[in-house]
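Input: a single structure, listed below in C-alpha cells.
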Amino acid sequence: MSRITIGVDVGGTKTAAAVAIDGKEVSRAEGVGGAVRPGRALASATVIAETVRRALATRRQAARHRPDGRSGGRRTSRGTG
C-alpha cells in the first residue's frame, strides 16, 4: 500500500500544499494567505482545505493522462481566491 503525505505551509500572504506518495512529491498547489487571525479560524481552515483539494485534484488529473495511472511529474496549481 502506498503512503500518502500532505504538507501545508500556511502564511499571511500565501498557502502552499504538497502531496507526496511514498516520499516522492507528485503535486503542489498554492492559494491565498491562510494564517489564523483572531475570529477567523473558519476562514483559515477553508483556505487550507481548498488548497489541499487543488493539490489532490492536480494529482488525479495528472494520473488520468498516463495509461499506467501514475503522475508524469510534479504539477502546480495556483489559486487566486
- Message: Considering all alpha-carbon pairs of segment 1-62, what whole percent are spaced by more than 18 angstrom?
- Response: 34 percent
- Heavy-atom SASA rank of S2, S27 (probe 1.4 Å, accessible area, largest first): S2, S27
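The values are calculated or read from the model by the stated rules, or taken from the named source; none is laboratory data. This one's a predicted model, so the numbers in the text were calculated from it and none came from an experiment. In case anyone asks, the SASA skips ligands and DNA or RNA and just uses the protein heavy atoms, side chains included. Shrake-Rupley method; radii C 1.70, N 1.55, O 1.52, S 1.80 Å.
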